[in-house]
Amino acid sequence: MLDVVFAALIAVLPVLAWSIWLVKWRKNYALHKRVQLALSAALLITVVAFEVDMRWISGWRERAYESRFWESGAVMKSLYLHLIFSVTTSAIWLAVVVAAVNQFPKPPVPSGHSRRHKFWAWIAAFDLTLTAITGWIFYWMAFVA
């Protein structure tokens, strides 16, 4: 599952960028909505499967003990930093998606909710990028180095 999440984080950022491009430059609100909902579902499924695997099936610490960064505590520090971003990303992303589904007209077009959506969506995108970067750092420190 670690490798799946690592690969998923690589795939998510270009899809996110494409989705932003769709709405910003192409004004394709309906496709942007579908892509975001699909991306949200894929991330939710991946994160749940990852957490189940890491917490109850295979664990991760036993594998990370071999890392040259384990003894110094750097692996755990990188994990905690990653968790800050992943938890805030999850909360913001969920709030953005729920608000968008509830506030935008159907089919989706710009509305009174657009300014707030754009503000929080950019924060969510930035936070997701930091989640990916810190996740890659943790992965490398714990399992590759």
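Each value in this text was obtained by applying a stated rule to the coordinates, not by laboratory testing. All figures in this text were calculated on a predicted structure; none of them were measured in a lab. For neighbour counting, all protein chains shown are included, and Cβ atoms are generated from backbone atoms with ideal geometry for every residue, glycine included.
As a summary of the residue check, residue 118 satisfies the conditions (1) of a type in the set (Lys, Arg); (2) in a helix (DSSP H, G or I); (3) farther than 19 Å from residue 25 by Cα except for the one numbered (3). Testing residue 34 on (1) touching a Phe, Trp or Tyr at 6+ places or on another chain (Cβ under 8 Å); (2) closer than 17 Å to residue 16 by Cα; (3) basic (Lys, Arg), one condition comes back false. Which one is that? (1) is the only condition that residue 34 fails. Of all residues in segment 120-145, those that are under 23 Å from residue 99 (Cβ atoms) have Cβ atoms under 8 Å from Cβ atoms of residues that are assigned to a helix (DSSP H, G or I) and hydroxyl-bearing (Ser, Thr, Tyr), 6 or more apart or on another chain, in 124/89; 127/88; 127/89; 128/89; 130/89; 131/86; 131/89. Among the residues of segment 25-78, the ones that are in a helix (DSSP H, G or I), surrounded by 11 or more Cβ atoms within 10 Å (Cβ to Cβ) and over 19 Å from the mean Cα position of the chain (by Cα) come to 10 in all.
Residues are listed down the side, and each one gets a yes or a no for (1) among the β-branched types (Val, Ile, Thr); (2) closer than 16 Å to residue 39 by Cα; (3) free of Cβ contacts under 8 Å to residues at least 60 places away in the same chain:
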site: 77; (1), (2), (3): no, no, yes
site: 81; (1), (2), (3): no, no, yes
site: 84; (1), (2), (3): yes, no, yes
site: 90; (1), (2), (3): no, yes, yes
site: 94; (1), (2), (3): no, yes, yes
site: 102; (1), (2), (3): no, no, yes
site: 108; (1), (2), (3): no, no, no
